[in-house]
Amino acid sequence: MNSEITPNNGEQLTEQLIQKAKNQAAAFIVPENPESQEIFKLIETLNSAPKSPVPMANYDRVRNQILDRIAIPVETPSAFGFFQAIPNFVKIGGGIIGTFLILISLTIGTAIAAIQSVPGQPIYPVKKVVENIQLRLADTESEKVSLQIKFANNRLEELETVLQQQQEGKVSDESLQKVVEQTVRDVSSVVSQNSASGDQPQILSKLVDLNAKQTTLLQTASDNSEGEIKEELEKALVTSKASQEQTFADIEKAGLKIENNIITISDKTAPDQVQAHGKLTDIDTNDGFISIGTARFFLTKETIFVNIKREDLEVDQIISIKGKIEESKTYAVEVTVDEPVDEPETDNETDTTPPPPPATVPVDPEPGDDSSNDSND
Amino acid sequence: MNDIELQNLLEKAQKGDRDAFGLIYDHFREKIYKFIYFRVGHKELAEDLLSDTFVKAWQKIEGVNTPKAFVGWLYQVAKNNVIDYYRIKGTSIIAIEEIAEVLPDSTASPIDKANASVEMTTLMELMEMLPTEQRAVLEYKFFEDLTNEEIAAVMGKSEGAIRVIQHRAIDKLKQLLKRKISN
């Protein structure tokens, strides 16, 4: 045997033959006996197996995500002096009870703790993992979008908690700054990804709410802050407002104009349907649309008119519209003019008036108008 | 990166140096990502689990003393993340070696079976006849290029045990091959 390294047993020889096949043991010479040659050939075949291509990961994005997440320091409670004063038997007893309680709460407690956690807590990453997995397991695109909105709301709730903790001196300005940046990034990302689609009124409504909530939260926090952190919050506020404006623009493209009042669209209607009720504020015969406050509905040949003819429509009439959304435009399917309300003695049994729409939402109600039907929430 | 450089970075990271930890991530990211990817078969999901693996590594980095221990531990964290994923998903997985059986297809296989030689295809068929543990060691070693210490960490065994298993696996494979040729 002319090897420089003499194996002293079969396991070591196998290891050296593997290293040789992997070019990690250049000095080692394969023994010339048939058995070693045979094993080496087998190892070489295994080593030459063609590898499958692996899709390239976005390593930089993951790196930034990791560095962002580890930037938030984990708050560790300071050691309490009185703990040393507790007698040992109490400590041991407490330990046993504590262990028991921990064991009981491990299954339920961990999940709840993760759900309730906020950035900076050790269990918080679990919450993000669970959210990501829920997203991956979403069956449909609309389910995925709903989850994204739900999680964006979670971010805002976390930010609210962290803002409160910062006010109480429990969280540093630097940590808060990181959470603010991450929240605005996450929420804006969800809004920009979904508002452009413009074909799901409920989604658009929720995105508007999301933006409004974020802007209000940041504005309040900015008002209560000063110095560097105030500057950061104002910077975030600018981003949030820009995102809000973009959402409004996307919604206008869908035929729903936003002014001062946000249109709330019923969740109980189908994704491509919308209902509105209120005073007719505009009739455009040229472009063929009618408006209730800020909501515009295009009229078509198929539009059904109940209690009125199309040409008899007048501004200030109280109407209900059932609409549908197609190619980012809202079309009136059925326009119903409400019967005059100055007939108090209505006999329910003989009433031939069509029932009011089941789930209408007031659009741009008159100030002080308490008749708004907001039972859809 | 050699062990001394990695040791320096580890010490800096243990003192809270995020940049040093970033460099550690750069060094191990590809291996850990591949390890996860082959077990979940989904790029974005593998990226998420990669991220969580390193965040967990950061949180516990103070307890790691040597680069060697760190590498093994990183694989253990990745493995546990993968198992947790399947647990949350509702798939009953007991061991990491079982995951290949629940993957929907062979898209995430480390081996490009379509382009394998006749000899290789024969060996892969024979490997199916090996005990799970022996087959797993050979797959880690030759298909995923894991070192003995990495395999030991993933399988929860000592490096010595891995050497013994790999020797037995090769020996058994050789016998199976001989038997197949003689038939």
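The values are calculated or read from the model by the stated rules, or taken from the named source; none is laboratory data. Please read all numbers here as calculations on a predicted model, not as lab measurements. Don't worry about glycine lacking a Cβ; one is built from the backbone with ideal geometry, like all the others, and counts go over all protein chains shown.
Of note:
- Within the range B:21-58, the set of residues being within 17 Å of B:Leu146 (Cα to Cα) and either more than 7 Å from every other protein chain (Cβ to nearest Cβ) or not in a helix (DSSP H, G or I) (or both) comprises B:His27, B:Phe28, B:Glu30, B:Lys31, B:Ile32, B:Phe35, B:Ile36, B:Phe38, B:Arg39.
- Of all residues in the range B:64-84, those that are away from chain A (no Cβ under 14 Å) have Cβ atoms under 7 Å from Cβ atoms of residues that are assigned to a loop (DSSP other than H, G, I, E, B) and modelled with pLDDT under 85, 6 or more apart or on another chain, in B:Phe70/B:Val64; B:Trp73/B:Val64.
- Total residues in the range B:120-136, condition more than 11 Å from chain A (Cβ to nearest Cβ) and part of a helix (DSSP H, G or I): 6
- Residue match in the range B:65-83 (condition: touching a Leu at 6+ places or on another chain (Cβ under 7 Å), polar (S, T, N, Q) and crowded, with 18+ Cβ neighbours inside 10 Å): yes
- Within the range A:34-138, helices (runs of 4 or more DSSP H) holding 3 or more residues that are more than 9 Å from every other protein chain (Cβ to nearest Cβ) and modelled with pLDDT of 75 or more: A:34-47, A:59-71, A:124-137
- Criterion (part of a helix (DSSP H, G or I) and at pLDDT below 85) met by exactly one of A:Lys170, A:Lys206: A:Lys206
- B:Arg18 vs. criteria surrounded by fewer than 17 Cβ atoms within 10 Å (Cβ to Cβ), out of contact with any Ser or Thr (no Cβ under 7 Å at 6 or more places or on another chain) and within 9 Å of chain A (Cβ to nearest Cβ): yes
- Subset of the range A:127-151 [among the aliphatic types (A, V, I, L, M) and more than 11 Å from the chain's Cα centre (by Cα)]: A:Val129, A:Val130, A:Ile133, A:Leu137, A:Ala138
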